[in-house]
């Protein structure tokens, strides 16, 4: 069959590869001038630093099959994300761990002592947290909440934490040991040469053609048997029901001779500091040595029509509009919606790849049975 994949990021690459290997002819298009979507990496011309152009992407997963998959297209080297936070005039380790607690409160507690201490800080009068703030107060108390969560959350989401659902803090955001590895997953690393060469390798198949600087137009569907859409769900329908809400990011790039902050990611928890974090990109490739450094100050704001959408908001108003677009999508033949934008969900890279693999399998199964592929293999609901 003739397949059109809109978007040359992870979803399009992984689905296209699997369908190409099954003998289908796959055309991948992207409106941008590069492949990789927001995972795109490139070397800075002046410093040689490998840049995460659209912000840091750190690969972590417990999915053995996904880990094997990416290692089949790139050499991954060990990398553990160790985030720091500047707040209230001091630097702390994140996630909140035993070192953070002892340093913040000026204590020398052992794990069981710290557990009891935090339990005493927590607001136990909140039995059924109804929002982000209540959830945080219920777990860690006001002091830690205001230092590490409140200001950062207000900057990141552009609203009061009382307007955000409690589910954002799904579990106790505290470790009662000295583990400062940001992620729990078994497999963690970075592709030695960046994500863009890895995605190029995935798309390197004789049944795949890639066209950049090529926006989608509706008349393209007449020339193919099926479309995989990884652009914004509402964008496929011309935003005719209204626009789903997103947060976007602005990056203020600056350079430094030497080492600017000593770590890859430094959060800023104070509300009066306008940026949410500073990323220093050479620390994402610790096996490389560079004299110069490139950093991004990161600012979050509401996404406008011309902005790159990063984080789906998914509050009450957006969920109602989302339900209408989901119904429209399910009534549309010949299109499957995939990825972060196509399903209006925040997805880590490993989940994006897993869902792309499952989507390709579902499509091939439908082709064998002679049935129509679904609009969503993983429901945005």
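Since every read-out is calculated from the coordinates, none of them should be taken as a lab result. For clarity, every value in this text was computed on a predicted model and none was experimentally measured. Glycine gets a Cβ as well: all are built from the backbone with ideal geometry, and neighbour counts include every protein chain shown.
Here are a few things to note about the model shown:
- Contact order relative to length of the chain, as percent, for alpha carbon pairs under 8 angstrom and 6 or more apart: 25
- In this calculation the C-beta distance from residue 272 to residue 68 is compared with R0 = 45 Å, giving a FRET efficiency of 0.45.
- Here each label is just a point 7 Å from Cα along the line to Cβ, and for residue 183 and residue 209 those points are 3.6 nm apart.
- Whole-angstrom gap from region 15-70 to region 364-381, using each part's C-alpha centre: 24
- Fewest-first ordering of 70, 338, 210 by other beta carbons within 10 Å of each residue's beta carbon gives 210, 70, 338.
- Stretch gain in nm, segment residue 113-residue 167, where the contour uses 0.36 nm per residue and the Cα spacing is subtracted: 16.7 nm
- Computed E for residue 46/residue 307 - FRET, C-beta separation, R0 35 angstrom, nearest 0.05: 0.85
- Label-point separation in nm, residue 82 to residue 348, each point 7 Å along Cα→Cβ: 2.0
- Ratio of the Cα radius of gyration of region 100-168 to 2.2 N^0.38 Å, where N counts its residues: 1.17
- Structure-derived Rg and Dmax of the Cα atoms in Å - corresponding label in (i) 20.2, 66; (ii) 21.3, 63; (iii) 22.1, 68: (iii)
- Rounded Å value of the spacing that divides the Cα centres of region 96-170 and region 212-261: 34
- For region 100-168: relative contact order, % (alpha-carbon pairs under 8 angstrom, 6 or more apart): 30
- Normalised alpha carbon radius of gyration of region 40-133 [divisor 2.2 N^0.38 Å]: 1.61
- Build a GNM of the chain with springs between Cα atoms under 10 Å apart, and of 352, 371, 332 the one that fluctuates most is 371.
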